[in-house]
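Structure first, commentary second.
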Amino acid sequence: MKYLVMVQGTQADYDAMRGRASAQSPAWSEEELQAMFAYMGAINDDLSETGEFVDGQGLAEPAQTRHVTLGDDGKAVITDGPYSETKELLAGYWVLECESLERVTEIAERVARCPQPAGAPDYPVVIRPIMDGSGDI
């Protein structure tokens with residue numbers, strides 16, 4: 001089965017990784033940032049070796065996103081991010097092919113242990129099975 005494993009973050013978290021602290025997150029040092037990248041890279045390498053890695057990417061900060069909805073008149077309403085009404089957004093993901101939910105949960109636990117500065121917020125790692133077709137509904 002394929003699974004989508006997601007990590008979340010906020011604009012404040014991206015700002016903190018650039019060295020700008022806020023009430024939500026302390027500033028990251030260059031060493032802390034490199035430790036995070038090395039940790040995630042090691043996970044990717046291990047999952048590639050086991051054949052479980054299908055795809056995985058970090059996503060751009062919320063400030064570089066767009067939110068598209070339809071207005072009452074049926075025309076597109078486009079809003080640039082970040083959105084004050086939204087707190088956490090998808091920060092990165094993996095698509096993994098694993099033998100079981102237990103195995104992908106082990107991987108998500110490893111992701112959750114990623115090093116970060118003391119006082120940085122902890123976000124859940126979200127696992128969603130990917131449906132193969134309409135028969136999975």
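The values are calculated or read from the model by the stated rules, or taken from the named source; none is laboratory data. This is a predicted model, so every value here is computed, not measured. For accessibility, only protein heavy atoms count, side chains too; no ligands or nucleic acids. Shrake-Rupley method; radii C 1.70, N 1.55, O 1.52, S 1.80 Å.
A 1.4 Å probe run over the chain, with the rest of the protein chains in place, finds 64 Å² accessible per residue.
Just how far, in whole angstrom, is region 1-50 from region 54-68 if you go by their alpha carbon centroids? With region 54-68 and region 1-50 each reduced to a Cα centre, they are spaced 13 Å. Based on alpha carbons, the Rg and Dmax found for region 45-120 are 17.5, 52 Å. Rounded, prolate or oblate, given the Cα gyration tensor of region 21-68, with a/c below 1.5 counting as rounded? Oblate shape, in that a/c is at least 1.5 and b/c is the bigger or equal ratio. Between TYR14, TYR39, TYR123, the GNM of the chain built on Cα springs shorter than 10 angstrom shows TYR123 fluctuating the most. In the chain, helices alone account for a calculated mean residue ellipticity at 222 nm of -9500 deg cm²/dmol, with every DSSP H run of four or more residues adding -39,500 (n - 2.57).
Counted over all Cα-Cα pairs of the chain, pairs farther apart than 19 Å make up 58 percent.
Given a 1.4 angstrom probe, I'd like the percentage of the accessible area of the chain that is carbon and sulfur, rounded to a whole number. Don't skip to the end; give the middle numbers.
Details: 4540 of 8770 Å².
Percent of accessible area from carbon and sulfur atoms in the chain: 52.
Write down the Å³ per residue value for the convex hull defined by the alpha carbon atoms of region 1-43. Can you show the working numbers first?
Numbers: hull volume 3.1 nm³, N = 43.
Given the Cα convex hull of region 1-43, per-residue volume reads 72 Å³.
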